[in-house]
Each structure stands twice: as structure tokens, then as C-alpha cells.
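No value in this document is a laboratory result; all are computed from the given coordinates. Everything quoted here is computed from the prediction, not taken from an experiment. Don't worry about glycine lacking a Cβ; one is built from the backbone with ideal geometry, like all the others, and counts go over all protein chains shown.
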Amino acid sequence: MRILARLWHLAGFGGNNAPPTRQRHWEMLAAAGFISVAAACMQVLPDQHVALAYLPTWVVPPTCPMHAMLGIPCPGCGLTRSIILLAHGNLGGSLEMNRMGLIFGLAILAQFPYRIAALARPGRTILSRPWTKGIAAALIAGLVINWLLAISIWPQRDELAPVAKAPHVQVQPTGSP
Ligand SMILES: [Zn+2]
């Protein structure tokens, strides 16, 4: 859910239609670089926890409030793991975690040529605002549609084997019928 809120903000919904500033391009470039490096430095453990690549004892606690409270995945569930697996070349595992991980991975990779081209040629619009908003909206719609499929007819990894919670949190089965 946090990912969705972030995307909504990054997509500039509710903002004006001014072209992105240079600062914005730098921020997105830095974010894409950070996500790429972080994904390469992380691993998905057999119990589905995320940990540092060479320090499996450094486990990242699960951060999804919806999954923790309701026992069902949110639209963004599995996305982090999906992108980590993708960064390590595990396409099958990535799709199993969240089918949108591949799309988001490609969108993150696309930031490098797009932002660098925009920074290299100031004042020249590469993608106009309606396009960037449309792409962002399509990504969010994809997440939601994929989520509806995942919780109904086309389960993802989260439904097959719920993410183990941190040791101090009680483990709940998912609420799928
Ligand atoms: Zn979630």
C-alpha cells in the first residue's frame, strides 16, 4: 500500500502539468539507481523473508500493514521480492512473487535512458505530461487488476505460502477461500 501511495505521488497526480524539473529527473535517476543496487544486494530467503545478499541473518521485517492485519496481500505485496529475484535473473521466481514485478523492473530500468536523456537536453520534452501520467496510471491499474486476479482466481506466491512474520508477530494463514 505504501508503494501505491508513493507511486501516486511520483506520478504527480493532483499536481500541475508543468514539465518535470531537473531536480525531479535527478531524484528519479537516483531512486532508480538506489533500487537497482539495493535489489542486487538483497536476497529472498526460502521462507520468503528478504535479507542482505551475503548476510542472510540480516532479515528485513515484513512491512505490509494490510497483510499483517487482514491476512490478505495488498496490490504491492511480493513486489519487492519480485524485483530482487528479477535482479538476480530469476524470472520464474519473480513472476511467481508478483506478476507486475517484471513490468516495474522494466519501468525502473527505463528511468536510466529517459532521465539521462532529459538531463542531457534541457528544455526538450521527451515524454509529455499526459504520457508520463498515463504510464503511471497504467502501472497502478496493472497492480490493482493483478491483485484482484491474485486474490480471486489466479493465486500468486503470497496465497500459496503466506509470508512468515517476524518471530514476535503471530503467523496467520491467508484469508483466501
Ligand atoms: Zn502488501
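Points worth noting:
- Exposure proxy ranking, count of Cβ atoms within 10 Å, fewest first, for ILE126, ILE35, ILE83: ILE126, ILE35, ILE83
- Virtual spin-label span in nm between ARG124 and ALA30, 7 Å along Cα→Cβ: 2.6
- With one equal scatterer per alpha carbon and no solvent term, the Debye-computed log10 I(q)/I(0) for the range 22-155 at 0.09, 0.12 1/Å reads -0.31, -0.55.
- Percentage relative contact order, the range 22-155, counting C-alpha pairs under 8 Å, at least six apart: 24
- In this Cβ point-charge picture (+1 for Lys and Arg, -1 for Asp and Glu), the range 22-155 has a dipole of about 720 debye about its Cα centre.
- Modelled spin labels at LEU55 and VAL144, positioned 7 Å past Cα toward Cβ, are 3.9 nm from each other.
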